[in-house]
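The values are calculated or read from the model by the stated rules, or taken from the named source; none is laboratory data. All figures in this text were calculated on a predicted structure; none of them were measured in a lab. Glycine gets a Cβ as well: all are built from the backbone with ideal geometry, and neighbour counts include every protein chain shown. We work out accessible area using only protein heavy atoms, side chains counted, and drop any ligands, DNA or RNA first. Shrake-Rupley method; radii C 1.70, N 1.55, O 1.52, S 1.80 Å.
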Amino acid sequence: MDGIVASATSEIEGAGTQPRRAPPCTFVVFGGGGDLTKRLLVPAIYNLACAGLLDDRFSIVAVDWAELSDEILRAQFHEALRDFVAKRGTSATMLRDDVWRWLDGRISYLRGSFEEMETFERLGARVGDGNAVFYMAVAARFFGPIVDHLGQAGLTNEAGGTYRRVIVEKPFGHDLDSARELNTRLLATLRERQIYRIDHYLGKETVQNIMALRFSNGFFEPLWNRQNIDHVQITAAETVGVEKRGRFYEGTGALRDMVPNHLMQLLAMTAMEAPVSFDADAVRDEKSKVLKATHCAAPEDVVRGQYGAGSIGGVPVRGYREEPDVAPDSRTETYVAMKLNIDNWRWAGVPFYLRTGKRLAVRKTEIAIHFRHAPYALFRDTPVERLTPNIMTLHIQPTEGVTMQFGAKIPGPTVRLGGVRMKFDYSEWFAEGPSTGYETLIYDCLAGDATLFQRADNIEAGWRAVQPALDWSERAEAAPLCPYAAGSTGPAEADALLARDGRSWQSLTD
Ligand code: BG6
């Protein structure tokens, strides 16, 4: 049953209206000379320009401390764009010269320190009286000082109907207390509606599709509860190691890096109640509610792992402790699996198992909804373990789509059951160009739609759900570090976590 044949599909409102051109704006990027800007922000802005969604009065001001000129920066952006198109498009010639020329003339560089008032005074002259977005593509320690300075320089004042918005990247805090402190600090200068806290997972089409799937279809929602669902598994497996981020990662680890933000977003989208509308606050209210009901019961519900040497795709790779800027006796986890409970009427008694790790056998992010078995009366002679479990898998990346697994009669004179899969694959139904995932987020911020951004209470609720696990991880006896080989499916202890409940993880390598 693999691959239903794609045919023309209808478009329905919500999806049907063409997005309008965003209002004029000066897009200021702190950390404008850095990697995130080149790899993701500039390609996303280029894609928005290709789609005709940027106003003629759109411009970019990159602020950074490096010795650069407008010309050098533009050349670097151009090269990064060529790279992006070559890697993600079908051919390098796809870079549109007309669009690049349009963008090129709108890019300027401002050299300065993020901690000196003088930088912000000069920035004020560039920004003028119009709309502005300030994007923090910088290390987290600069978020507070930059916003303080923007405020002191009067750059956050929304006079005469203009807007001033700030986009904050992750990590938003280091734990619940520091996230609260950062919220308080930002809110001393900005109003909540001016703050756009980004989680790049919400820029992924497949993540946005979770809500569309659940709330635009009649047949899933009645099944989406404790009566019918046995448990849920959320996986974010990566093959990459810590790359050049050893210094950052040592103080962060897999739990902080992935769980309170990305995995909690996936959990919230899967488990939230239907919002009363798609209005930003209605959606964010529901996410906060479900995250507030989410908790981890005991230290034995958390497994922390660290990769040792191994091989990925046949290529030998070193262990975490041998990575640059990593302590040889590091206790930082590169893998975490945990069992969470959601204490509300819909989900009581339905565990949500999460796992994420670096240097695993495959790259795969997915949510698997495991339904309860049907009563077996008709198939008394079929051993229970041979009945195909009903699983709906939402494939987030790199496969993008949805699979339903169920049992069907194997053709033949006797009644025998076989497991089959029905699959929806994004690429078979929709033609989309290469994108970074930041297009929607940037466009929404320019247009003032905060639905896909996190409100202060969402961020804090995510941290609150993992705070006990962070506390336990401080105590070696409560949170042992379990080794796993690079290229494997993770530590054996993570399998034991589910086996204890009579369950097992979806295969990573299928
Ligand atoms: C980032 C983490 O937020 O997300 C990285 O800091 C991780 O460590 C990345 O690799 C994963 O993002 P994606 O989009 O590749 O799943």
Legend entry - Total formal charge among the other residues, if their Cβ is under 13 angstrom from that of Ile210, Lys/Arg +1 and Asp/Glu -1: -2
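Between Glu181 and Val415, what's the calculated FRET efficiency when r is the beta-carbon distance and R0 is 56 Å? Round to 0.05.
E(calc), rounded to 0.05, equals 0.30.
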Inset, instruction - Determine ³J(HN,Hα), in whole Hz, for all residues of the stretch 395-402 in sequence, where each value follows from phi through the Karplus function 6.51 cos²θ - 1.76 cosθ + 1.60 and θ = phi - 60°; x replaces Gly and Pro. - result: 8, 8, 6, x, 5, 10, x, 9
Legend entry - Charge sum, other residues only, whose C-beta stays under 10 Å from Leu110's C-beta, Lys/Arg counted +1 and Asp/Glu -1: +1
Inset, instruction - Send over the Kirkwood Rh of the stretch 26-201, from the inverse of the averaged 1/r over different Cα pairs, rounded to one decimal Å. - result: 16.9
Legend entry - Peptides 302-310, 169-177, 69-77 ordered by average Cβ neighbours within 10 Å, highest first: 302-310, 169-177, 69-77
Inset, instruction - With everything on Cα atoms, drop me the angle between helix 176-189 and the longest principal axis of the chain, reported from 0 to 90° to the nearest 10. - result: 30
Legend entry - Considering only the chain, percent of DSSP beta bridges that pair antiparallel, nearest 5: 55
Inset, instruction - Would you mind telling me the antiparallel percentage of the DSSP bridges in the stretch 26-201, rounded to 5? - result: 0
Inset, instruction - Quickly work out the Asp343-to-Phe278 label distance, labels modelled 7 Å from Cα along the C-beta direction, and quote it in nm with one decimal. - result: 3.5
Inset, instruction - Just list whichever of Lys87/Lys204; Lys38/Lys170; Lys38/Lys423 have alpha carbons separated by over 26 Å in the model shown. - result: Lys38/Lys423
Inset, instruction - Can you spot the aspartates and glutamates whose alpha carbon is less than 17 Å from Lys292's alpha carbon? Ignore those fewer than 8 places along the same chain. - result: Asp175, Asp177, Glu273, Asp281, Asp343, Asp457, Glu460
Legend entry - the chain - percent of accessible surface contributed by carbon and sulfur, probe 1.4 Å: 52
Inset, instruction - Counting helices only, and only those DSSP H runs with n ≥ 4, report the 222 nm mean residue ellipticity of the chain as the sum of -39,500 (n - 2.57) divided by its residues, in deg cm²/dmol to the nearest 500. - result: -9000 deg cm²/dmol
Legend entry - Residue-by-residue Karplus 3J(HN,Hα) for the stretch 484-497, coefficients 6.51, -1.76, 1.60, Hz, glycine and proline x: 9, 7, 3, x, 8, 9, x, x, 4, 4, 6, 5, 5, 4
Inset, instruction - Please work out the ratio of the alpha-carbon Rg of the chain to 2.2 N^0.38 Å and round it to two decimals. - result: 1.02
